[in-house]
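One structure is given here, and the rest of the page talks about it.
The values are calculated or read from the model by the stated rules, or taken from the named source; none is laboratory data. Nothing here was measured: the structure is a model prediction, and the numbers come from that model. No Cβ is skipped: glycine too gets one built from the backbone with ideal geometry, and neighbour counts run over all protein chains shown. Quick note on the areas: whole protein, heavy atoms, side chains included, nothing else; ligands and nucleic acids left out. Shrake-Rupley method; radii C 1.70, N 1.55, O 1.52, S 1.80 Å.
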Amino acid sequence: MSAEVVEPRYALAGSIGADEAGEPRLMGGLCAGCGAKVFPKPKICSSCWSTEQKDVALATRGRLYSFSVVHAARKGWPSPYAIAYVDLEDGVRVCAPLEDGVANPPPLDAPVELIVGTLRTDADGVAVLSHRFKPVTEAR
Ligand SMILES: [Zn+2]
């Protein structure tokens, strides 16, 4: 067994941060010009064209706006998988895989929360991680 520490590979560099407790946070952009929050962080604001975009930790919970099951996946991706739009509690709409969405499809508007998991495997067979959402089963 190797003691080598392997840094996680993320599908979108800089998209996953951590809070003080080490829990994952989705990192978006906060526009210094108009206050718009978006994910992923853009180079330029689509509302006011400001190029001053700050990093902001987004809400970890939201509601399932919609999702679809994809049967023809890209190479390295599991198939089938569910891809969703989630409306976060801070008003940002995010596109992400929906955990367990194929086997146990949740109703629309179901509460969901952020997790980090394997999006695909790369050419070396190494897991590439991304943000995902899973239905919330316990009371907050
Ligand atoms: Zn703006």
Region 9-18, residues that are open to solvent by less than 50 Å² (accessible area, probe 1.4 Å) and touching an Asp or Glu at 6+ places or on another chain (Cβ under 8 Å): GLY17
Any hit, region 19-29, residues being in a loop (DSSP other than H, G, I, E, B), within 16 Å of the ligand (Cβ to nearest atom) and either open to solvent by 50 Å² or more (accessible area, probe 1.4 Å) or at pLDDT 95 or above (or both): no
Enumerated strands (runs of 3 or more DSSP E) restricted to region 79-140, each holding at least 2 residues that are among the basic types (Lys, Arg): 127-135
Residue under evaluation SER66, criteria (1) assigned to a strand (DSSP E or B); (2) touching a His at 6+ places or on another chain (Cβ under 7 Å), criterion not met: (2)
All positions within region 36-58 that are of a type in the set (Gly, Ala, Ser), within 12 Å of the ligand (Cβ to nearest atom) and open to solvent by less than 70 Å² (accessible area, probe 1.4 Å): ALA36, SER50
Hits in region 70-109 - residues which are over 18 Å from THR121 (Cβ atoms) and aromatic (Phe, Trp, Tyr): TYR85
Residue match in region 104-114 (condition: within 16 Å of the ligand (Cβ to nearest atom) and either of a type in the set (Gly, Ala, Ser) or within 20 Å of ALA18 (Cα to Cα) (or both)): no
Members of region 32-44 found to be within 20 Å of the chain's Cα centre (by Cα) and part of a loop (DSSP other than H, G, I, E, B), listed by number: ALA36, PHE39, PRO40, LYS41, PRO42, LYS43
Unique residue being more than 16 Å from the ligand (Cβ to nearest atom) and either of a type in the set (Phe, Trp, Tyr) or over 13 Å from CYS95 (Cα atoms) (or both) when the list is ARG74, ARG63: ARG74
